[in-house]
Amino acid sequence: MCGIVGYLGISKAAPVLLSELRCLEYRGYDSAGVAVIEDGRLAVLKAAGKLSNLETLLTDVQPSATVGIGHTRWATHGVPNDQNAHPHLDCTSTLAIVHNGIIENYLELREELTAAGHAFSSETDTEVVAHLIEDELKHNQDDMLLGIRKAVQRLKGAYALGIVSQKHPNTIYAVNHHYSLAVGLGDNESYLASDSVAVCQYTKKVLRLAQSEIAEITTAGARLFSFAGVEVKRNPVSMDSTQFVMDKQGHKHFLLKEIHEQPVVLRRTIGKYLIHPGKPINFAGVSDHGSYSARFSDEELKRIERIKIVACGTAFHAGLVGKYIIEELCGIPVDVETASEARSRRQLVDEKTLAIAVSQSGETADTLSAIGEAKNKGAIVLGITNRPDSHLSLLCPHLLVTECGIEVSVAATKTFTAQVACFYLLAIYLAERKGLLPEDRIFALKAELLRTPALIERILASQEEIREKSIAYSDAQGMMFIGRGVHYPVALEGALKLKELSYIHASGYAAGEMKHGPIAVLDEKVPCLTMVIPGTVYEKTLSNAQEAKARKARMIAVAVEGDELVGKTFETVFSIPPVSEFFSPLISVVPLQLMSAFIADHLGKDVDQPRNLAKSVTVE
Ligand code: M6R
């Protein structure tokens, strides 16, 4: 979603701001803008659409300013146009502001400020902040820190701000309130970004703002203050910039690159916690942000009577796989709920509940809110995330970090399989620590988990065959994905991938549910993709597939190599290497990811940045 950047130093600000903004493009946006202080005056340039539009404006103007802030906006209040793009100005056009998040009481503030004579030029909630600070500065002799502190005390909501004023041309001010902001510290240069990804290209020394903090940033560094005005001392951390490398490595899209990274990512994620089938799982980890752990005390383990998983989108599907795995192995009841629903009703969790939040970004507003509530109710809290520097990581006393590196494509792929791998690790860990399974079974489970990356490699090697088979379905009017048991969440994930990438409507169903309604949509133009992996639900699923075939649907299967029965029922088979039913979700999702990528590419869609979507959904 929205992204904030800033720069002040010795180089021209515009190219640096653009380059920082480019790093945030993957998060999704629909307009962009910058404010620089050029010859002592504030200059604002903004444009709806892609960053290239802003780049054209900047190429025409060629500002030589060495101070500025920038923004990519994902529209919430007001349509995506030039007017609503950030930065926004106060009435005197001497103060510019960029903003992530939502000012919940903006209507009330806008009315009050309008009545006091302020003129607004956009529909955004952001603009009230510029006018509010302007008002406060009038009463505080242009003391920026005091003016900002007074203004933020009137704001409701979660937000991050970047602010420049032509009256204070050598400083950028930044505010973080339940959002995310980082300051990069260079030699006589400082950078600001809502995601450290953007500053890591320039410096590894990063200072993150904690909740409800204001930063006064100069070329010499940054001073941090609480909203009460007390200075806060914190040392910068040294970031590992290699995890943020944004390079397609020869692939046509980041999506394909990320699908291909899965064996490596799984080896890293599984290998971090499990080095050998004969060794116990060790849930301790270290990142640039310190050490973390998902190790439970004996007392906590005894306490856990049920598990509640909250997540959104693909992470929710990973949670659903988690339910099947944990219930199967540990016999502990598991509920999984989309975080937006969990937070909208009474959550029945208590100190006997292990509450798990799954979020690639660790910044998804609904997930943070749902897990925050579970924590307040006394649940034992575990986060599964790809970002140890995220909000979620701060919130969760227990943490499992997936080792995916940055996922640039909006569609989650490698982070899904890594999250699912974490659930396997967790289930085996719980079974082992609680003594629920014999040692040889635990050994066999660990050994099989360690072998899964190699199976994905075999699927990836047949990519060209999968491409050919996939594009034959590019003219589908819709597609149904069905599966039973542990294959059901995989069917849901396959449907989500196809619709978000290709915009072909797709639905995932429990195979047994099809005859209760969904079968009505099947015909020659709506193919049915069935997950038919040998195991407890194989025969029943094949029967459901026959029902679809009888409605003239074109039939696609994900099945294991050499399954002759499947070959007779389905016109297209995506083969996967033999794998147990239990571990199959890690493998069987890969052809679905590839199929969606190839269909979307064939249809000429923006594969890495599908329309209307954002990578981190930081609004509710
Ligand atoms: O960062 P998160 O894992 O919390 O994000 C959750 C969803 O927004 C995300 O998985 C989304 O559904 C993706 N577009 C799926 O590809």
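Could you tell me which of the residues Glu403, Glu407, Glu457 is within 15 Å of the chain's Cα centre (by Cα) and away from the ligand (no atom under 15 Å from the Cβ)? Reasoning before the result, please.
Values: Glu407 fails: away from the ligand (no atom under 15 Å from the Cβ); Glu457 fails: within 15 Å of the chain's Cα centre (by Cα).
The unique qualifying residue is Glu403.
Answer yes if at least one residue in segment 513-535 is of a type in the set (S, T, N, Q) and open to solvent by 20 Å² or more (accessible area, probe 1.4 Å), and no otherwise.
First, the residues of segment 513-535 that are of a type in the set (S, T, N, Q): 530.
Now narrow it down to the ones that are open to solvent by 20 Å² or more (accessible area, probe 1.4 Å): none.
Checked segment 513-535: no residue is of a type in the set (S, T, N, Q) and open to solvent by 20 Å² or more (accessible area, probe 1.4 Å).
From the residues in segment 467-512 that are out of contact with any strand residue (DSSP E or B) (no Cβ under 8 Å at 6 or more places or on another chain) and among the acidic types (Asp, Glu), which one is nearest to the ligand (Cβ to nearest atom)?
Glu500
Given the options Glu38, Glu104, name the one that is open to solvent by 50 Å² or more (accessible area, probe 1.4 Å) and either in the same structural domain as Lys12 (by TED's automatic domain parsing) or under 16 Å from Leu8 (Cα atoms) (or both). Talk me through it step by step, then tell me what you get.
Details: Glu38 fails: open to solvent by 50 Å² or more (accessible area, probe 1.4 Å).
Just one listed residue meets the conditions, Glu104.
For segment 184-236, name all the residues that are assigned to a loop (DSSP other than H, G, I, E, B), of a type in the set (D, E, K, R) and touching a helix residue (DSSP H, G or I) at 6+ places or on another chain (Cβ under 7 Å). Outline the logic, then answer.
Initial filter on segment 184-236 (assigned to a loop (DSSP other than H, G, I, E, B)): 186-189, 194-195, 199-204, 209-212, 219-220, 227-230, 233-236.
Next, only the ones that are of a type in the set (D, E, K, R) stay: 187, 189, 195, 204, 233-234.
Listed by number, the residues that qualify are Asp195, Lys204.
Identify, from the list Thr126, Thr114, the residue that is out of contact with any helix residue (DSSP H, G or I) (no Cβ under 6 Å at 6 or more places or on another chain), touching a residue at least 24 places away in the same chain (Cβ under 8 Å) and either at positive phi or not aliphatic (A, V, I, L, M) (or both). Steps first, please.
Working: Thr114 fails: touching a residue at least 24 places away in the same chain (Cβ under 8 Å).
Sole residue among the options that is out of contact with any helix residue (DSSP H, G or I) (no Cβ under 6 Å at 6 or more places or on another chain), touching a residue at least 24 places away in the same chain (Cβ under 8 Å) and either at positive phi or not aliphatic (A, V, I, L, M) (or both): Thr126.
How many residues does segment 383-392 hold that are open to solvent by 20 Å² or more (accessible area, probe 1.4 Å) and in contact (Cβ under 8 Å) with a residue 60 or more places away in the chain? Outline the logic, then answer.
Here is the first cut: in segment 383-392, the residues open to solvent by 20 Å² or more (accessible area, probe 1.4 Å) are 387-388, 391.
Filter once more, so that each one left must be in contact (Cβ under 8 Å) with a residue 60 or more places away in the chain: 388, 391.
Counting residues in segment 383-392 that are open to solvent by 20 Å² or more (accessible area, probe 1.4 Å) and in contact (Cβ under 8 Å) with a residue 60 or more places away in the chain gives 2.
Among the candidates Leu430, Leu450, which residue alone is at pLDDT 95 or above and open to solvent by 10 Å² or more (accessible area, probe 1.4 Å)? Working first, answer last.
Details: Leu430 fails: open to solvent by 10 Å² or more (accessible area, probe 1.4 Å).
On inspection, the qualifying residue turns out to be Leu450.
If you take the residues in segment 410-427 that are within 13 Å of the ligand (Cβ to nearest atom) and either open to solvent by 10 Å² or more (accessible area, probe 1.4 Å) or more than 13 Å from the chain's Cα centre (by Cα) (or both), which one is farthest from Asp298 (Cα to Cα)? First the steps, then the outcome.
Within segment 410-427, the subset within 13 Å of the ligand (Cβ to nearest atom) is 410-420, 422.
Now restrict to residues that are either open to solvent by 10 Å² or more (accessible area, probe 1.4 Å) or more than 13 Å from the chain's Cα centre (by Cα) (or both): 410, 412, 417-418, 420, 422.
On the way: Val410: 39, Ala412: 35, Thr417: 29, Ala418: 27, Val420: 25, Cys422: 20 Å.
If we take residues in segment 410-427 being within 13 Å of the ligand (Cβ to nearest atom) and either open to solvent by 10 Å² or more (accessible area, probe 1.4 Å) or more than 13 Å from the chain's Cα centre (by Cα) (or both), then Val410 is farthest from Asp298 (Cα to Cα).
How many residues does segment 362-378 contain that are part of a loop (DSSP other than H, G, I, E, B) and open to solvent by 10 Å² or more (accessible area, probe 1.4 Å)? Working first, answer last.
We begin by selecting, within segment 362-378, every residue part of a loop (DSSP other than H, G, I, E, B); these are 362-364, 377-378.
If we keep only those that are open to solvent by 10 Å² or more (accessible area, probe 1.4 Å) too, we end up with 363-364, 377-378.
Residues in segment 362-378 being part of a loop (DSSP other than H, G, I, E, B) and open to solvent by 10 Å² or more (accessible area, probe 1.4 Å): 4 in total.
Specify the residue that is modelled with the highest pLDDT; the eligible residues are those in segment 49-85 that are of a type in the set (A, V, I, L, M, F, W, C) and open to solvent by 30 Å² or more (accessible area, probe 1.4 Å). Let's see the steps before the verdict.
Step one: of segment 49-85, the residues of a type in the set (A, V, I, L, M, F, W, C) are 51, 54, 57-58, 61, 65, 67, 69, 74-75, 79, 85.
Among the residues that remain, those that are also open to solvent by 30 Å² or more (accessible area, probe 1.4 Å) are: 57, 61, 74, 79.
On the way: Leu57: 94, Val61: 89, Trp74: 89, Val79: 88.
Once the filter is applied, the top-ranked residue is Leu57.
Can you list residue pairs whose Cβ atoms sit under 6 Å apart, with the first residue in segment 320-334 being aromatic (Phe, Trp, Tyr) and the second being buried (at least 18 other Cβ atoms within 10 Å of the Cβ)? Count only pairs 6 or more apart in sequence or on different chains.
What qualifies is Tyr324/Val486.
I'm trying to understand the selection: among the residues of segment 469-499, which are open to solvent by 10 Å² or more (accessible area, probe 1.4 Å), closer than 23 Å to Thr417 by Cβ and more than 26 Å from the chain's Cα centre (by Cα)?
Lys469, Arg484, Gly485
Taking helices (runs of 4 or more DSSP H) that fall entirely within segment 279-357, which contain at least 1 residues that are open to solvent by 40 Å² or more (accessible area, probe 1.4 Å), touching a strand residue (DSSP E or B) at 6+ places or on another chain (Cβ under 8 Å) and under 25 Å from Ser584 (Cβ atoms)?
Details: elements: 298-303, 313-330, 339-342.
Those helices (runs of 4 or more DSSP H) span 313-330.
What about Gly70, is it touching a helix residue (DSSP H, G or I) at 6+ places or on another chain (Cβ under 7 Å) and either without any contact (Cβ under 8 Å) to a residue 24 or more places away in the chain or within 28 Å of Asp195 (Cβ to Cβ) (or both)? Let's see the steps before the verdict.
Details: touching a helix residue (DSSP H, G or I) at 6+ places or on another chain (Cβ under 7 Å): yes; either without any contact (Cβ under 8 Å) to a residue 24 or more places away in the chain or within 28 Å of Asp195 (Cβ to Cβ) (or both): yes.
When the stated conditions are applied, Gly70 passes them.
Restricting to segment 379-395, what's the tally of residues that are within 21 Å of Ala427 (Cβ to Cβ), more than 9 Å from the ligand (Cβ to nearest atom) and assigned to a loop (DSSP other than H, G, I, E, B)?
The total comes to 1.
Among the residues of segment 470-524, which ones are part of a helix (DSSP H, G or I), closer than 19 Å to Val321 by Cβ and among the β-branched types (Val, Ile, Thr)? Write out each step before concluding.
Initially, segment 470-524 is screened for residues part of a helix (DSSP H, G or I), giving 470-471, 487-502, 511-516, 518-521.
The next check asks that each one be closer than 19 Å to Val321 by Cβ; those that pass are 487-498, 500, 511-513.
Val490, the sole residue that qualifies.
The values are calculated or read from the model by the stated rules, or taken from the named source; none is laboratory data. Everything numeric here is computed off the predicted structure, so don't read it as measured data. Neighbour counts are summed over all protein chains in view; Cβ atoms, including those assigned to glycine, are modelled from backbone coordinates with ideal geometry. In case anyone asks, the SASA skips ligands and DNA or RNA and just uses the protein heavy atoms, side chains included. Shrake-Rupley method; radii C 1.70, N 1.55, O 1.52, S 1.80 Å.
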